[in-house]
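Presented below is the structure to which this report refers.
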Amino acid sequence: MVGARDLDASKMAALGSLLAGVIHDIGTPVGAILSNNQVVLRALDKLKDALAAPQPDVAAALKRLEILRSLAEVDRLACSRIGALVRSLKTFARADDVDASDADLNAELAETVRLVQAGFGKRIAIQTEFGEIPLVHCWVRRLHLVFLNLLVNAGQAIEGEGKIVIRTARDGDRVIISISDSGHGISPENQAKLFSTAFTTKPSGVGTGLGLMIVREVVADLHGGALRVESEMGKGTTFHVSLPLRQKSTE
Amino acid sequence: MNKNPTVVVVDDEDMVLTSVRAFLSLETEYEIQTFLEPERAVEFLRNNLAEVIVSDYLMPGMTGIQFLARARELQPEAPRVLLTGHADKQSAIEAINQVGLFHYLEKPWDNEQLLLIVNNAIERASLFRELKEKIAELSTANSSLKAVQARLLKAFL
């Protein structure tokens, strides 16, 4: 059984690998806002000049107003970008959930995707193909960790540019979440060891070997779900996570 | 030249394009053409003259270096400026020689510096084009002189 400390270690390792990209994605809009602030002050000065002249220059004033409006629009966009990233980060900062609750897994996945996309930058395109799925009774914060680990793994499996596709679908009284990457694939012998403790092929400092063990424990042991992996060397890997809609023990 | 100089800016971030456009149209009379996709900018440069071309480095579909190489083929006399994030610095520097970069500017950029670079680039482009015109005039003059000389030789020898 993995303890709280292992959960934390795995979460921190996964988040840490995304940090540089997330900082960049917060830095860009902050830079835009700061730069716009200078331009706003200059535009206001020039607006005043146009209006305070003995013959007010209406055309010039209107042009400056238009510039001010476009800057306000950029600032709004920049703030909402920063806000969305901070919201995603918060998802992972919260304490662990004690009780299971009903969750919209498409929305929860989207939250994780936002963070992971910021972490990967433009190197990797993440595509979501969400099907219509009902609410799932689950420990949603633990599942966030599952999504985070699988997505970070997918990204690390891709050298250079590549693509990750996330699909969700209902399958009777279960939902299936599939995460496919265009990475280097997993050899058959490594597939067998995939979910065991402390197994990693990643260099020290990149992988803890805990990630997939936690994924298995959260999906199979905690939720009574199942995990399946399909992989072809040089082509990519797909992880299928199957979760029951309801939890017997908590109903 | 009777037309206002044209500045082409390419970046896949709308925020960057709007900020640059707002700043330059506040401070100058230049015509600012912005593009989210480098392919569109290539199309524009095929049909329109530009005095300076500013491009981001990391964009989907085409890198800034690939784009600027295309721009150089189409309009060699328009100076090229790379505007890039810190993380891309190494690859950007390696590529500078490939496209004959006029300037390299790091994000977040300083507006005053951007203005200075754009002004210098425009001046350079106009000088280049003027020079090209003069050379063309000289070679026309030269060939008509040669024709006159040939006729003179024919007449007197």
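The values are calculated or read from the model by the stated rules, or taken from the named source; none is laboratory data. As the structure is a prediction and not an experimental result, all values here were calculated from the model. Don't worry about glycine lacking a Cβ; one is built from the backbone with ideal geometry, like all the others, and counts go over all protein chains shown. Just so you know, the surface numbers come from the protein's heavy atoms only, side chains and all, with ligands and any DNA or RNA stripped out. Shrake-Rupley method; radii C 1.70, N 1.55, O 1.52, S 1.80 Å.
Seen from all directions on average, region B:6-127 presents a Cα convex hull projection of 6.6 nm².
For the protein assembly as shown, DSSP calls about 50 percent of its internal beta bridges antiparallel. Surface composition of region B:6-127: carbon plus sulfur atoms contribute 47% of the solvent-accessible area (1.4 Å probe, protein chains only, all chains present). Please compute the net charge surrounding B:Leu45, taking Lys and Arg as +1 and Asp and Glu as -1 over other residues with Cβ under 15 Å from its Cβ. With Lys, Arg at +1 and Asp, Glu at -1, the net is -1.
Inter-chain neighbour count for B:11-22: the average number of beta-carbon atoms from partner chains within 10 Å of each residue's beta-carbon is 6. The residues of region A:96-204 have, on average, 45 Å² of accessible surface per residue, using a 1.4 Å probe with all protein chains present. Here is the size of region A:1-159 from its Cα atoms: Rg then Dmax, 22.3, 80 Å.
Tell me the angle of helix A:4-52 to the major Cα principal axis of chain A, expressed in degrees between 0 and 90 and rounded to the nearest ten. That works out to roughly 10 degrees. Full extension of the chain between A:Arg5 and A:Glu73 yields a length gain of 20.1 nm, computed as 0.36 nm times the residue separation minus the alpha carbon distance. How large is log10 of I(q)/I(0) for region A:71-134 at q = 0.25 Å⁻¹ when the intensity is taken from the Debye formula with one equal scatterer per alpha-carbon? Here the Debye-derived log intensity ratios amount to -1.16. Given in Å, the Rg to one decimal and the Dmax to the nearest whole number for the Cα atoms of region B:99-157 are 22.0, 72. Across the protein assembly as shown, Cα-Cα pairs more than 36 Å apart make up 44 percent of the total. Within the accessible area of region A:1-136, the carbon and sulfur atoms contribute 60%, probe 1.4 Å, all protein chains present. Note on region A:101-158: along the principal axes its Cα atoms extend 34, 21, 16 Å, ordered by decreasing extent.
Between A:Ala110 and B:Phe128, the FRET efficiency estimated from the beta carbon spacing at R0 = 35 angstrom works out to 0.10. Given a 1.4 Å probe, show me the residues in region A:17-38 buried by at least 10 Å² of accessible surface when comparing the whole protein assembly to the chain alone. Flagged in region A:17-38: A:His24, A:Thr28, A:Gly31, A:Ala32, A:Ser35, A:Asn36, A:Gln38. What's the total accessible area buried between chains B and A, using a 1.4 Å probe, rounded to the nearest 100 Å²? Counting protein atoms only, the buried area is about 1600 Å².
Take the Cβ atoms of A:Asp99 and A:Ala192, set R0 to 30 Å, and the FRET efficiency comes out at 0.30. Taking only the alpha carbons of region A:62-107, we obtain Rg and Dmax values of 18.3, 58 Å in that order. Averaging the sequence gap over all C-alpha pairs within less than 8 Å and six or more residues apart, then dividing by the number of residues, gives chain A a relative contact order of 18 percent. A Cβ-based charge dipole, computed about the Cα centre of region B:42-157 with Lys and Arg at +1 and Asp and Glu at -1, lands at about 800 debye. Think of region A:1-141 as a dipole: +1 on every Lys or Arg Cβ, -1 on every Asp or Glu Cβ, centred on the Cα centre; then among A:Ala43, A:Pro29, A:Ser101, A:Ala43 lies furthest on the positive end. Among the GluC sites (Glu not before Pro) in region B:44-112, none sits in a DSSP loop with a Cβ that has at most 15 other Cβ atoms within 10 Å. Close Lys pairs in chain A (alpha-carbon distance under 15 Å; sequence gap of 8 or more, or different chains): 6. Its Cα centre serving as origin, the protein assembly as shown has a Cβ charge dipole (Lys and Arg +1, Asp and Glu -1) of approximately 780 debye. Contact order, relative form, for region B:6-127: 24 percent (alpha carbon pairs under 8 Å, 6 or more residues apart, mean separation divided by residue count).
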